[in-house]
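Reviewing the structure listed below.
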Amino acid sequence: MTKTIIRLATLEDAERILEIYNPYIENTCITFEYDKLTLEEFKERMITISKKFPWIVCELNGLIIGYAYASSTHPRAAYSWDCDSSIYIDQAYHGNGIGSILYKTLFLLMKEMGYYNVYALVTSPNPISLAFHKNLGFEVEGHHENIGYKFGKWLGVTRLVKRIGDFSKVPQPVKPINEIDATSILSTYID
């Protein structure tokens, strides 16, 4: 019997999350980072993001196999209702629907917090990631050709958006993650 849990990440999860992320740095163009992160660097990143935004993990039988988080799109006030999204799955667990569950949960959290737009940046070419995002309701908003250089080649980035807010309403101030009832949303995807 398998048990899948989606929950908020903690600093105790940082080492395992970094084991998932560092191979993307070392072996892919999915992230534009060049150098592996240390555990301390990664913990600082998690602390900074988690002050305001959700960082969630998917556990399968006690092992973290993927994670997703939101972060700021832009620091200026008028962008307060926009956020960026990121997702990484242990490469041994690709194609099992974990990414969809993580992102759907993240979107529910972001909507509850008061966000209207969720953005994603996808390295191009990456037709699998592009299809994944489109299947979850993202729309292509634009493309930057030759914007990043990694592993001896120029790469593009496609910017996608998923609209999760009701634009007919005046937006209220966004709540930080610790001011919403995340437990009820997270329990939606426990089996």
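Every number here is computed from the coordinates shown, using simple stated rules; none is lab data. These numbers come from a predicted model, not from an experiment. Cβ atoms come from the backbone with ideal geometry, glycine included; neighbour counts cover every protein chain shown.
Under the condition of being of a type in the set (F, W, Y) and surrounded by fewer than 15 Cβ atoms within 10 Å (Cβ to Cβ), which residue from the range 1-45 is farthest from L109 (Cα to Cα)? Break it down stepwise before answering.
Narrowing the range 1-45 to residues of a type in the set (F, W, Y): 21, 24, 32, 34, 42.
Checking which are surrounded by fewer than 15 Cβ atoms within 10 Å (Cβ to Cβ) leaves us with 32, 34.
Details: F32: 27, Y34: 31 Å.
By that ranking, first place goes to Y34.
Go through the range 66-118 and give me each residue that's in a loop (DSSP other than H, G, I, E, B) and among the hydroxyl-bearing types (S, T, Y).
Step one: list which residues in the range 66-118 are in a loop (DSSP other than H, G, I, E, B), which gives 73-76, 80-81, 90, 94-97, 114-116.
If the condition is that a residue be in a loop (DSSP other than H, G, I, E, B) and among the hydroxyl-bearing types (S, T, Y), then T73, S80, Y115, Y116 are the ones that fit.
Going residue by residue through the range 9-27, is there one that turns out to be farther than 17 Å from P176 by Cα and not in a helix (DSSP H, G or I)? Steps first, answer last, please.
Going residue by residue through the range 9-27, those that are farther than 17 Å from P176 by Cα are 11-27.
This time we only want the ones that are not in a helix (DSSP H, G or I), so: none.
Among the residues of the range 9-27, not one is farther than 17 Å from P176 by Cα and not in a helix (DSSP H, G or I), which makes the answer no.
Filter the range 46-57 for residues that are in contact with a helix residue (DSSP H, G or I) (Cβ under 9 Å, 6 or more places away or on another chain) and either surrounded by 14 or more Cβ atoms within 10 Å (Cβ to Cβ) or closer than 15 Å to M110 by Cα (or both) and give the result. Walk me through how you get there before you give the answer.
Of the residues in the range 46-57, the ones in contact with a helix residue (DSSP H, G or I) (Cβ under 9 Å, 6 or more places away or on another chain) are 46-47, 50-57.
Those that are in contact with a helix residue (DSSP H, G or I) (Cβ under 9 Å, 6 or more places away or on another chain) and either surrounded by 14 or more Cβ atoms within 10 Å (Cβ to Cβ) or closer than 15 Å to M110 by Cα (or both): M46, S50, K51, K52, F53, P54, W55, I56, V57.
Could you list, in sequence order, the residues of the range 87-121 that are buried (at least 18 other Cβ atoms within 10 Å of the Cβ) and of a type in the set (S, T, N, Q)?
Of everything in the range 87-121, those that are buried (at least 18 other Cβ atoms within 10 Å of the Cβ) and of a type in the set (S, T, N, Q) turn out to be T105, N117.
Going residue by residue through the range 43-54, is there one that turns out to be small (G, A, S), assigned to a strand (DSSP E or B), touching a residue at least 24 places away in the same chain (Cβ under 8 Å) and farther than 19 Å from Y93 by Cα? Show your work before the answer.
Of the residues in the range 43-54, the ones small (G, A, S) are 50.
From what is left, the residues that are assigned to a strand (DSSP E or B) are none.
No, the conditions are met nowhere in the range 43-54.
Condition first: of a type in the set (S, T, Y) and part of a helix (DSSP H, G or I). Now tell me which residues in the range 119-155 satisfy that.
As a first pass, look at the range 119-155 and keep what is of a type in the set (S, T, Y): 119, 123-124, 129, 149.
Hit for the range 119-155 is S129, nothing else.
Can you report the number of residues in the range 88-116 which are touching a residue at least 40 places away in the same chain (Cβ under 8 Å) and not aromatic (F, W, Y)?
Just the residues of the range 88-116 that are touching a residue at least 40 places away in the same chain (Cβ under 8 Å), to begin with: 88-91, 98, 101-102, 104-116.
Those left that are additionally not aromatic (F, W, Y): 89-91, 98, 101-102, 104-106, 108-114.
Count: 16.
State whether one or more residues within the range 34-41 are touching a helix residue (DSSP H, G or I) at 6+ places or on another chain (Cβ under 7 Å), touching a residue at least 40 places away in the same chain (Cβ under 8 Å) and hydrophobic (A, V, I, L, M, F, W, C).
No - not one qualifying residue is present in the range 34-41.
Select, from T38, T105, the only residue that is out of contact with any Lys or Arg (no Cβ under 8 Å at 6 or more places or on another chain) and more than 28 Å from G137 (Cα to Cα).
On the way: T105 fails: more than 28 Å from G137 (Cα to Cα).
On inspection, the qualifying residue turns out to be T38.
If you scan the range 122-144, which residues turn out to be buried (at least 16 other Cβ atoms within 10 Å of the Cβ) and either charged (D, E, K, R) or free of Cβ contacts under 8 Å to residues at least 60 places away in the same chain (or both)? Give the derivation first.
Start the filter on the range 122-144 by keeping residues that are buried (at least 16 other Cβ atoms within 10 Å of the Cβ), which leaves 122-124, 126, 129-130, 132-133, 136, 138.
Correct list: V122, S124, L130, F132, H133, L136, F138.
Being aliphatic (A, V, I, L, M) and surrounded by 10 or more Cβ atoms within 10 Å (Cβ to Cβ) is the filter here, so list the residues in the range 166-187 that pass it. Give the derivation first.
The initial filter retains those residues of the range 166-187 that are aliphatic (A, V, I, L, M), namely 170, 174, 177, 180, 182, 185-186.
Result: V174, I177, I180, A182, I185, L186.
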